[in-house]
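Single-structure report; data block below.
The values are calculated or read from the model by the stated rules, or taken from the named source; none is laboratory data. Note that this is a predicted model, so its numbers are computed, not measured. Positions of Cβ are generated from backbone atoms using ideal geometry, with glycine treated the same way; all protein chains shown enter the neighbour counts.
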Amino acid sequence: MSLPADSPALPDFSRGHNGLLPAIAQDADNGDVLMLAWMNETAWRQTLETGKATYFSRSRNSIWCKGETSGHVQEVVEARIDCDADTILLRVRQAGAACHDGYRSCFYRTLSADSKVQINAEVLVDPDSVYKK
C-alpha cells in the first residue's frame, strides 16, 4: 500500500493546522462512519506501511496505532484523499469498538426532532477495562 513520495495521491499536510489533517474511519463493509481522528505525515506513512490505521493524538502529542492498547485495531482496506487533498478517508475493517466509550462507532448519539439525545447503539466493551483515561 505504499506510494512514491511524489505521488499525486498524497495528502497535503501543509494545508492542515500544525500539519494535521482530519482522518475519517469508515467501515469498509457497510459504510458506517466509525470515528474521526487526526493524521500527520508520519501517521499517514505508518498507516500505508503497516496497513493498520495510525493517527496523531493531539492530547498526548504523539503517534498512536489504533488498537495498540485495546486490541481494537483497524485494518485498512483502502485509503482515499478528498479533492482538496486536506481530508483523509480510511475504509477499514474494525475489530471490536472504535469508540473509547465502548461503542462500535463514535457516532452513537442521535439528536431527535424534539432536541433530545438518544443512544442508538449498545456498548460492546466496558471502556474502563480497556482504555486508560
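Residues in the range 9-62 that are of a type in the set (Phe, Trp, Tyr) and in contact with a helix residue (DSSP H, G or I) (Cβ under 8 Å, 6 or more places away or on another chain): Phe13, Trp44, Tyr55, Phe56. If you check Thr69 against the conditions, is it loosely packed, with under 15 Cβ neighbours inside 10 Å, over 12 Å from the mean Cα position of the chain (by Cα) and assigned to a strand (DSSP E or B)? It is false that Thr69 is loosely packed, with under 15 Cβ neighbours inside 10 Å, over 12 Å from the mean Cα position of the chain (by Cα) and assigned to a strand (DSSP E or B).
Being within 14 Å of the chain's Cα centre (by Cα) and crowded, with 20+ Cβ neighbours inside 10 Å: is that true of Leu36 here?
Against the criterion (within 14 Å of the chain's Cα centre (by Cα) and crowded, with 20+ Cβ neighbours inside 10 Å), Leu36 does not qualify.
Within the range 86-133, being hydrophobic (A, V, I, L, M, F, W, C), under 12 Å from the mean Cα position of the chain (by Cα) and in a strand (DSSP E or B) holds for Ile88, Leu89, Leu90, Val92. For the range 108-127, indicate whether the set of residues that are surrounded by 15 or more Cβ atoms within 10 Å (Cβ to Cβ), out of contact with any Cys (no Cβ under 7 Å at 6 or more places or on another chain) and under 30 Å from Leu10 (Cα atoms) is non-empty. No, the range 108-127 has no match at all. Can you confirm whether the range 22-43 contains a residue that is charged (D, E, K, R), farther than 22 Å from Ala121 by Cα and at pLDDT 95 or above? There is at least one residue in the range 22-43 that is charged (D, E, K, R), farther than 22 Å from Ala121 by Cα and at pLDDT 95 or above. Restrict the check to the range 47-66 and report whether at least one residue is among the charged types (D, E, K, R), within 25 Å of Leu124 (Cβ to Cβ) and free of Cβ contacts under 8 Å to residues at least 24 places away in the same chain. Yes, there is a match, as at least one residue in the range 47-66 is among the charged types (D, E, K, R), within 25 Å of Leu124 (Cβ to Cβ) and free of Cβ contacts under 8 Å to residues at least 24 places away in the same chain. Is one or more of the residues making up the range 74-84 touching a His at 6+ places or on another chain (Cβ under 8 Å), of a type in the set (A, V, I, L, M, F, W, C), outside any strand (DSSP E or B) and loosely packed, with under 15 Cβ neighbours inside 10 Å? Among the residues of the range 74-84, not one is touching a His at 6+ places or on another chain (Cβ under 8 Å), of a type in the set (A, V, I, L, M, F, W, C), outside any strand (DSSP E or B) and loosely packed, with under 15 Cβ neighbours inside 10 Å, which makes the answer no.
In this structure, is Ser105 crowded, with 18+ Cβ neighbours inside 10 Å, under 13 Å from Asp27 (Cα atoms) and small (Gly, Ala, Ser)? Considered against the rule, which asks whether it is crowded, with 18+ Cβ neighbours inside 10 Å, under 13 Å from Asp27 (Cα atoms) and small (Gly, Ala, Ser), Ser105 comes out as yes.
Of Val125, Val117, Val130, Val76, all but one fail to be β-branched (Val, Ile, Thr) and either within 19 Å of Leu20 (Cβ to Cβ) or modelled with pLDDT of 95 or more (or both); the exception is Val76. Going through (1) farther than 18 Å from Val125 by Cβ; (2) modelled with pLDDT of 95 or more; (3) not hydrophobic (A, V, I, L, M, F, W, C) one by one, Gln94 falls short only on (1).
Would you please name the residue that is nearest to Thr87 (Cα to Cα), looking only at residues in the range 5-33 that are of a type in the set (A, V, I, L, M, F, W, C) and exposed (fewer than 14 other Cβ atoms within 10 Å of the Cβ)? Among those residues, the one meeting the criterion is Ala9. Restricted to the range 59-71, and to residues there that are at pLDDT 95 or above and not hydrophobic (A, V, I, L, M, F, W, C), the residue that is farthest from Asp12 (Cα to Cα) is Lys66.
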